[in-house]
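Below is one structure, written out as structure tokens, with a few remarks after it.
The values are calculated or read from the model by the stated rules, or taken from the named source; none is laboratory data. This is a predicted model, so every value here is computed, not measured. All Cβ positions, even for glycine, are placed from backbone atoms using ideal geometry, and neighbour counts span all protein chains on display.
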Amino acid sequence: MRVLIIADIEGISGVYAVEQTSPALSRFNEGRDFMTADINACAAGLKAAGVDFVAARDCHGNSYSVRWENISDDVDELVCGEIYTDRFDSLETYDAVVLLGYHAMAGTHKAVLEHSMSSKEIQNYWINGEKVGEVAIDAGIAGDKGVPVIMVSGDDKVCKEAKELLPWIETAEVKRGLSSFGAAMLPPQRAHKLIFDTAKKAVENFKNAKPLVYNKPIKFRVDLVERIPLPNLHNHPDIKVIDGRSYELEAETVEKALFKSL
């Protein structure tokens, strides 16, 4: 069995502040260390359940967060940097996906560091009329390739969001959101044990998991925050402008819809 861990940073155990999420800010090395430790705990749980090959994808920002030198031998391959042609490299070669350190969609009340792709640019995303966040988008990308998401880790809000979308999902609630920038967190050893145990259980219950497949064509709507320019319509003549902050497009897959919207 081959499993891909896709790791973001805002839902990582120990992370609650913007300063932990950007290389330009003071506490980024904390975030990097915490993200690497969560990946190691998850990989160990997957291997304990009998997974043959575990890859981890640093999917935060421009993919410069994971500390390569501290990744454990339970991770067989670490994918970093920009890929350009695909959101995730060789996703179709995996049997299952773990969304590690994910966060709730933009606007979720009391969710830690909530946003949808970009807090500076995106107010909301919609797929086929349903408001979605990064869990739904990435699960949909995996689902179009026939791969189910079997686990999500993060705060209580993203775990609830994932359960509503993917009823079979195993969730590791490593913190409870108190505000966008505050959380009640498990101590490190307990958080890592929870991630380990949840990853192991997710593999053991793999037979219950299903790929998330949206009806096609994908109708993808983007609501921008204030004063962000709309896409260049000369380059994207098929984009339908709804108003000064919103536009809609259609695509064959969730991945194509996401890239087309950028």
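Structure notes:
- Matching residues in the stretch 51-106 - criterion: being under 19 Å from Gly11 (Cβ atoms) and among the acidic types (Asp, Glu): Asp58
- Tally of residues being surrounded by 12 or more Cβ atoms within 10 Å (Cβ to Cβ) and either without any contact (Cβ under 8 Å) to a residue 24 or more places away in the chain or outside any loop (DSSP other than H, G, I, E, B) (or both) across the stretch 224-241: 6
- Any chance Glu130 is in contact with a Cys (Cβ under 8 Å, 6 or more places away or on another chain) and either surrounded by fewer than 24 Cβ atoms within 10 Å (Cβ to Cβ) or over 21 Å from Asp197 (Cα atoms) (or both): no
- The sole residue among Lys210, Lys216 that is loosely packed, with under 15 Cβ neighbours inside 10 Å, over 30 Å from Ala17 (Cα atoms) and under 18 Å from the mean Cα position of the chain (by Cα) is Lys210.
- Residue, nearest to Ser116 (Cα to Cα), within the stretch 1-40, restricted to residues that are β-branched (Val, Ile, Thr) and assigned to a helix (DSSP H, G or I): Val18
- Residue within the stretch 95-108 that is crowded, with 24+ Cβ neighbours inside 10 Å, farther than 15 Å from His60 by Cβ and of a type in the set (Asp, Glu) present: no
- Only one of Lys216, Lys201 that is over 20 Å from Ile39 (Cβ atoms) and modelled with pLDDT of 95 or more: Lys216
- Only residues that are in a loop (DSSP other than H, G, I, E, B) and under 30 Å from Val213 (Cβ atoms) were counted across the stretch 157-198, and they come to 4.
- When the test is whether a residue is modelled with pLDDT of 95 or more, in contact with a helix residue (DSSP H, G or I) (Cβ under 8 Å, 6 or more places away or on another chain) and either farther than 24 Å from Ala184 by Cβ or hydrophobic (A, V, I, L, M, F, W, C) (or both), Ile71 passes it.
- Answer residue from the stretch 156-168, given it is touching a residue at least 24 places away in the same chain (Cβ under 8 Å) and surrounded by 20 or more Cβ atoms within 10 Å (Cβ to Cβ) and is farthest from Ser13 (Cα to Cα) among those: Leu166
- Options Ser90, Ser116, Ser153; residue that is surrounded by 15 or more Cβ atoms within 10 Å (Cβ to Cβ), small (Gly, Ala, Ser) and free of Cβ contacts under 8 Å to residues at least 40 places away in the same chain: Ser116
- First in the stretch 29-57 and crowded, with 22+ Cβ neighbours inside 10 Å, second anywhere and among the hydroxyl-bearing types (Ser, Thr, Tyr) and part of a helix (DSSP H, G or I), Cβ under 8 Å, 6 or more apart: Gly45/Thr198
- Tabulated pairs, the stretch 169-197, first within 27 Å of Ala48 (Cβ to Cβ), second assigned to a loop (DSSP other than H, G, I, E, B) and among the aromatic types (Phe, Trp, Tyr), C-beta under 8 angstrom, 6+ apart or interchain: Lys175/Tyr16; Met185/Tyr16
- Filter result for the condition that a residue is surrounded by 21 or more Cβ atoms within 10 Å (Cβ to Cβ), of a type in the set (Gly, Ala, Ser), in contact with an Asp or Glu (Cβ under 9 Å, 6 or more places away or on another chain) and closer than 23 Å to Arg2 by Cα, over Ala191, Ala202: Ala202
- For Leu258: the one exception among (1) among the hydrophobic types (A, V, I, L, M, F, W, C); (2) assigned to a loop (DSSP other than H, G, I, E, B); (3) surrounded by 15 or more Cβ atoms within 10 Å (Cβ to Cβ): (2)
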